[in-house]
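A short write-up of the structure that comes next.
The values are calculated or read from the model by the stated rules, or taken from the named source; none is laboratory data. Predicted model only: the values in this text are computed from it and were never measured. Backbone-built Cβ (ideal geometry, glycine too); neighbour counts: all protein chains shown. To get the accessible areas, we keep the full protein, side chains included, count just its heavy atoms, and leave off ligands, DNA and RNA. Shrake-Rupley method; radii C 1.70, N 1.55, O 1.52, S 1.80 Å.
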Amino acid sequence: MSEQDKYKQIFEANNSWIEKNKVDNPGLFKLLAADQNPDFLYIGCSDSRVHPNQVMGLKPGEVFIHRNIANMVISTDLSALSVINYGVEYLKVKYIIVCGHYGCGGIHAAMEKSDYGILNPWLRSIRDVYHMYRKELNAIEDTEARHRRLVELNTYEQCRNIIKMGEIQKSYYETGFPKVAGWIFDIEDARLHDLNFDLEYELNKIKDIYDITGNAE
Ligand SMILES: [Zn+2]
């Protein structure tokens, strides 16, 4: 199939999808047009093989999404921070999920000693995670196993970055939400693994430096 045909097919698929939903989920589009009220905010990798709605079995309207290379939450990234802020303060999501995945190109690139041009500053934040855990990571001889461990550690660190945000702390102390979760999607068997991020424990561990609400004693 030519590229042009592939492009055209998208509109045909869109039509079929609309017709199918009219039967399977009557009233869905009317409901979605009125408002969105998702319980979940998903922060994942841009990788084309990991599709949040499909992976979680959620319908349109059920998950607010932000994606970037290697599911990063960087303190100067206005895009990610705006999505989180909007999700927490306006949509009042109950869960923020950071989802990393094995086989992540961003993590692989950060493990290489290569110059990636404009990507370098982005990869730097992943390399910073490697640096934090270099003792543990360097002890893993198998490259693939080391990659998988960095995927997990990086995802966990992004969960930590989320709870360093003032609006997260404020909302959590006031309402008990949002909860924060770190997941890994295994690209081999499409299974989700929970890293069991313990928000309460992690918040207690960092509050002497990162609390900015004045609520933590
Ligand atoms: Zn990725």
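Just a few scattered comments:
- Applying a DSSP loop filter and a limit of 14 other Cβ atoms within 10 Å to the GluC sites (Glu not before Pro) in the stretch 167-198 leaves 188.
- Calculated P(r) tail over 24 Å for the chain, as whole % of Cα pairs: 50
- For the stretch 11-52, convex hull of alpha carbons as volume per residue, Å³: 119
- Accessible-area value, residue 111, 1.4 Å probe, nucleic acids and ligands omitted, Å²: 50
- Where 197, 11 fall by accessible area, highest first, once all protein chains stay in place (1.4 Å): 11, 197
- Residue-level accessible surface for residue 193, protein heavy atoms, 1.4 Å, Å²: 70
- Under the Karplus curve 6.51 cos²θ - 1.76 cosθ + 1.60, θ = phi - 60°, whole-Hz ³J(HN,Hα) for the stretch 68-78, x wherever Gly or Pro sits: 8, 5, 6, 6, 8, 10, 9, 5, 10, 8, 4
- Pairwise Cα distances in the stretch 1-83 exceed 15 Å in 70 percent of cases.
- Remark on residue 179: its backbone amide H falls under 5 Å from those of 95, 96, a criterion applied only to residues 5 or more positions apart or on other chains, H modelled at 1.01 Å from N.
- Within the accessible area of the chain (1.4 Å probe), percent carbon and sulfur: 53
- Close amide H pairs (under 5 Å, H built 1.01 Å from N) link residue 101 with 185, residues at least 5 positions away or on another chain.
- Most mobile of 110, 139, 34 in a GNM of the chain (Cα contacts under 10 Å): 34
- Within the same chain, lysines fewer than 8 places from residue 20 are excluded, and of the rest, those with a Cα less than 28 Å from its Cα are 6, 8, 30, 59.
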